[in-house]
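Single-structure report; data block below.
The values are calculated or read from the model by the stated rules, or taken from the named source; none is laboratory data. Everything quoted here is computed from the prediction, not taken from an experiment. With ideal geometry, Cβ positions are generated from the backbone for all residues, glycine too; neighbour counts draw on all protein chains shown. When the accessible area is computed, the model is the full protein with side chains, heavy atoms only, and any ligands, DNA or RNA have been set aside. Shrake-Rupley method; radii C 1.70, N 1.55, O 1.52, S 1.80 Å.
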Amino acid sequence: MLEISGLTVSYHTSGGVVPAVHGVDLEVGPGEIVAVVGESGSGKSTTAHAAIGLLPRGGRIHSGRISFAGRDLTGLSEKDWRQVRGTGIALVPQDPTVSLDPVQRIGEQVAEVLLIHRLATRREAATQALDLLRRAGVDRPELRARQYPHELSGGLRQRVLIAIALAGKPRLIIADEPTSALDVTVQREILDHLEELAAESGTAVLLITHDLGVAADRAARIAVLSEGRLVEEGPAQKLLAAPAHDYTRQLLAAAPSLTREPLRPRRAEGPDVLLSVDSLTKTFALPRKGSVRSVDNVSFRLTRGRTLALVGESGSGKTTTARMVAGLETPSSGTVLFDGQDLTRLSAGELRRLRRRFQLVYQNPYASLNPRFTIADVIGEPLRAFRAEGPNRVAELVDQVALPSSVLRRKPAELSGGQRQRAAIARALALRPDLVVLDEPVSALDVSVQAQILKLLVGLQDELGLTYLFITHDLAVVREIADHVGVMRRGKLLELGPADDVLLRPRDQYTRDLLAAIPGSERIDA
């Protein structure tokens with residue numbers, strides 16, 4: 001169906017030519033799912049975009065051949081490409097928030113493909129759009145077709161992109177990280193659906209992912225890219241059981257979903273309670289009459305030097321709980337005791353003075369760091385705000401999170417995602433806090449960078465005696481870092497206990513569902 005041979009791609013920038021892909025060979029057969037795996041910068045997305053003629057500005061194919069169903073696509077004009085895209089090859093992009101038109105209704109965006117390719121009249125297209133949404137697993141398609149993208153959850157928006165990809169009845173779907181930003185249960189549903197489509201209609205799928213766990217579950221064959229080169233390729237089971245290349249072995253070792261071993265032995269609850277949350281509740285008023293209870297009577301305690309992970313899907317209330325713990329959200333009722341002091345009863349001045357003892361690390365390091373500041377300014381900002389230690393402390397912090405001193409003069413945009421997250425951690429440690437609240441700190445990172453950040457957090461905890469409240473939707477990450485685990489759903493704490501009890505002997509069916517949805521779980525259970 002798709003044959004790529006000797007593909008070499010470079011990007012022409014103001015700073016010169018940047019090589020991206022070097023002589024890649026790849027084949028995808030009818031009805032086959034092939035996964036291309038690698039970290040950011042490995043060339044996997046560039047290879048996929050070259051295969052559908054959507055290289056970004058400055059991207060050029062220097063050599064090689066791309067053939068689809070026996071037709072050479074390498075030298076196609078843009079007009080010819082428009083005949084191939086949608087009906088021959090379709091793309092499911094990574095980010096539905098960016099890929100969907102925010103001012104156009106969902107039904108119109110699905111129908112647009114049918115109209116552009118003259119596959120239906122306007123009236124027929126509206127009816128067929130509902131059927132496509134239904135096939136893509138969208139509930140209540142008649143309602144969803146009238147909604148705008150911002151009114152849908154991330155999982156539903158991703159399903160809409162699948163419906164758009166299906167509209168032209170393509171013979172090949174390129175799915176570029178289609179689930180990387182989704183909860184594990186939603187991720188499983190989306191990938192199940194792609195797999196069913198491949199089996200039912202013979203549609204081939206080229207799955208681009210950084211997660212070997214996803215590839216292990218879904219692909220018949222896996223191709224591993226590193227620095228633009230194909231380093232290993234073969235049947236999924238064989239490649240994962242006996243990887244031939246060091247890079248593949250590194251990816252396997254780094255993937256949280258493919259290991260059950262914690263980064264250090266788990267620790268029992270200690271006698272020194274640092275954080276005690278009792279009957280915490282948060283109710284938000286809705287724009288039109290009524291309210292929604294985001295957190296419902298949640299209670300737990302966290303002892304000094306330990307890690308408690310709060311786990312749940314989007315909308316479970318875990319982040320709202322964390323924001324109340326950090327004093328950034330006011331509870332509707334309940335108490336938050338930090339080292340014996342009730343944060344809910346402190347004045348603004350008292351809370352500010354105490355806040356230096358608990359700090360927050362956000363999910364997206366790019367959004368949480370001031371883009372106009374240098375890294376030295378970013379890390380030093382809490383020190384200036386509290387008139388604490390000076391430049392020597394900034395240099396010490398950079399060294400503590402294993403960043404080179406050269407980053408101090410650079411701005412966040414000049415750093416990789418992992419380096420930016422290290423800078424965010426350094427900023428959180430600037431005032432020598434007792435408690436660090438980590439809100440999805442590794443979910444936006446490649447698995448190998450995730451592994452580095454998790455090891456860093458464990459090392460810092462041992463060195464500095466830190467206490468962590470770790471917010472995540474990923475139980476695979478929890479297995480590596482948590483001493484205790486709480487599972488949240490719809491604002492309620494369903495399960496709470498030592499990590500091994502919750503992960504190995506879950507009491508609640510929802511916890512069992514989350515564990516079963518971890519990519520690669522079938523492989524490690526075997």
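Considering only residues of the stretch 111-133 that are of a type in the set (A, V, I, L, M) and part of a loop (DSSP other than H, G, I, E, B), which is farthest from Ile174 (Cα to Cα)? Filtering the stretch 111-133 for residues that are of a type in the set (A, V, I, L, M) and part of a loop (DSSP other than H, G, I, E, B), the one farthest from Ile174 (Cα to Cα) comes out as Ala120.
Given (1) open to solvent by 70 Å² or more (accessible area, probe 1.4 Å); (2) under 28 Å from Leu7 (Cα atoms); (3) part of a helix (DSSP H, G or I), identify the lone condition not met by Glu108. Among (1) open to solvent by 70 Å² or more (accessible area, probe 1.4 Å); (2) under 28 Å from Leu7 (Cα atoms); (3) part of a helix (DSSP H, G or I), Glu108 violates only (2).
For the stretch 44-87, the set of residues classified as within 24 Å of the chain's Cα centre (by Cα) and in a loop (DSSP other than H, G, I, E, B) consists of Leu54, Leu55, Pro56, listed by residue number. Take Ala309 and tell me if it is part of a loop (DSSP other than H, G, I, E, B) and either open to solvent by less than 10 Å² (accessible area, probe 1.4 Å) or over 24 Å from Val442 (Cβ atoms) (or both). The answer is no for Ala309. Those residues that are surrounded by fewer than 18 Cβ atoms within 10 Å (Cβ to Cβ) and free of Cβ contacts under 8 Å to residues at least 40 places away in the same chain, I need them from the stretch 453-462; list them, please. Listed by number, the list holds a single entry, Gly459.
Residue count for the stretch 253-286 under the criterion of being at pLDDT 85 or above and either buried (at least 20 other Cβ atoms within 10 Å of the Cβ) or in a helix (DSSP H, G or I) (or both): the result is 5. Go through the stretch 490-520 and give me each residue that's aliphatic (A, V, I, L, M) and farther than 20 Å from Ala322 by Cα. Hits for the stretch 490-520 are Val502, Leu503, Leu504, Leu514, Leu515, Ala516, Ala517, Ile518.
Please go through (1) open to solvent by 40 Å² or more (accessible area, probe 1.4 Å); (2) over 24 Å from Ile481 (Cβ atoms); (3) outside any loop (DSSP other than H, G, I, E, B) for Arg323 and return the number of the only condition it doesn't satisfy. It fails just one condition, (2). Could you tell me whether any residue of the stretch 214-224 is β-branched (Val, Ile, Thr), open to solvent by 10 Å² or more (accessible area, probe 1.4 Å) and out of contact with any Pro (no Cβ under 6 Å at 6 or more places or on another chain)? No. Taking (1) open to solvent by 10 Å² or more (accessible area, probe 1.4 Å); (2) more than 26 Å from Val502 (Cα to Cα) in turn, His473 satisfies each apart from (2). The single condition among (1) under 27 Å from the mean Cα position of the chain (by Cα); (2) part of a loop (DSSP other than H, G, I, E, B); (3) more than 18 Å from Ile425 (Cβ to Cβ) that Arg387 does not satisfy is (1).
Taking the stretch 420-526 as the region of interest, the helices (runs of 4 or more DSSP H) fully inside it that hold 3 or more residues being at pLDDT below 90 are 447-464, 475-481, 509-516, 521-525.
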